[in-house]
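The values are calculated or read from the model by the stated rules, or taken from the named source; none is laboratory data. Computed from a predicted structure; not experimentally measured. No Cβ is skipped: glycine too gets one built from the backbone with ideal geometry, and neighbour counts run over all protein chains shown.
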Amino acid sequence: MKKQIGILGGMGPEATSELFSLIIKNTKADNDQDHIPVIIVNNPKIPDRSLHILGKGPSPINMLVEGTLKLEQMGADIILIPCNTAHFFIKQIEEKIHVPIIDMIKETALYVLHKYPEIKRYGLLSTSGTYETGIYKNVFDDIDLGIIDPDIDYQRQNMTAIYGKQGIKAGFKTEPLKILLQTVENLVEKGARAIICGCSEIALVVKQSHVEVPLINPLKILAVKSIQLAGYSLTRT
């Protein structure tokens, strides 16, 4: 039975757009009617997840629950959240809804386990909120894979690349790329053999052509998994 996909977006809006685009591009379709019905609730007013985790902002949980309930009421059969840090709140959200949320972190772990069986240590590019929660580390530890965090100065630089006046959230890409590639170099020096874009917006800037080790994009992994769970076929690329 074919299913309808719901996306809880706005964290940030461009990452939401990118996930929708990845679903379209990776769905096998000969015409409009072959594509998957997708419902998007794009709410950029959801409080920042990292700032809350770091004790610097209000909780996003009420708006996260409100958005997923809206998707459920609109007919979504499965829900996707294109924000890595928001996955810290998944259990709290699931207590309030009856529709499954596809866990992007767990799907990423399963993907790399099968795609790169020879790689055991992964460098994480993310917000400080994601580092603090350990959401990647905990999931990867369960399957005997290691997560490497950057040194603290590079971690702070990541936040500038994402949140700064010339950061990704402000619509810039050139300066954030320079900063993030310095963090990639630090992670590789620390033993990372692949890099995970652990913030959805980082994947908008850092591409495989920029790094010499495999670059893992959880957004694409989530898109592909959602297509399969919705009962549709993937394009052959």
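If I go through the range 189-217 residue by residue, how many of them are surrounded by 15 or more Cβ atoms within 10 Å (Cβ to Cβ) and assigned to a helix (DSSP H, G or I)?
Matching residues across the range 189-217 total 3.
Quick one: would you say Val188 is over 17 Å from the mean Cα position of the chain (by Cα), of a type in the set (A, V, I, L, M, F, W, C) and not assigned by TED's automatic domain parsing to the domain that holds Lys28? Yes: the conditions hold for Val188. With respect to the conditions (1) under 26 Å from Asp103 (Cα atoms); (2) among the polar types (S, T, N, Q); (3) part of a helix (DSSP H, G or I), Asn186 falls short on a single one, namely (1).
Lys70 meets all of the listed conditions (1) of a type outside the set (A, V, I, L, M); (2) more than 30 Å from Glu185 (Cβ to Cβ); (3) not in a helix (DSSP H, G or I) but one, namely (3). When the residues of the range 68-96 are filtered to those that are free of Cβ contacts under 8 Å to residues at least 24 places away in the same chain and out of contact with any strand residue (DSSP E or B) (no Cβ under 7 Å at 6 or more places or on another chain), the one that is nearest to Ser21 (Cα to Cα) is Gln73. When restricted to residues that are within 22 Å of Ile196 (Cα to Cα) and hydrophobic (A, V, I, L, M, F, W, C), the range 40-78 contains 3. Looking at Val99, Val112, just one residue is in contact with a strand residue (DSSP E or B) (Cβ under 9 Å, 6 or more places away or on another chain) and not in a helix (DSSP H, G or I), and that residue is Val99. Do we find a residue being of a type in the set (Val, Ile, Thr), within 24 Å of Asn62 (Cα to Cα) and assigned to a loop (DSSP other than H, G, I, E, B) anywhere in the range 3-13? There is no residue in the range 3-13 that is of a type in the set (Val, Ile, Thr), within 24 Å of Asn62 (Cα to Cα) and assigned to a loop (DSSP other than H, G, I, E, B). Please enumerate the residues belonging to the range 115-131 that are surrounded by 15 or more Cβ atoms within 10 Å (Cβ to Cβ) and either outside any loop (DSSP other than H, G, I, E, B) or at positive phi (or both). If the condition is that a residue be surrounded by 15 or more Cβ atoms within 10 Å (Cβ to Cβ) and either outside any loop (DSSP other than H, G, I, E, B) or at positive phi (or both), then Arg121, Tyr122, Gly123, Leu124, Leu125, Ser128, Gly129, Thr130, Tyr131 are the ones that fit.
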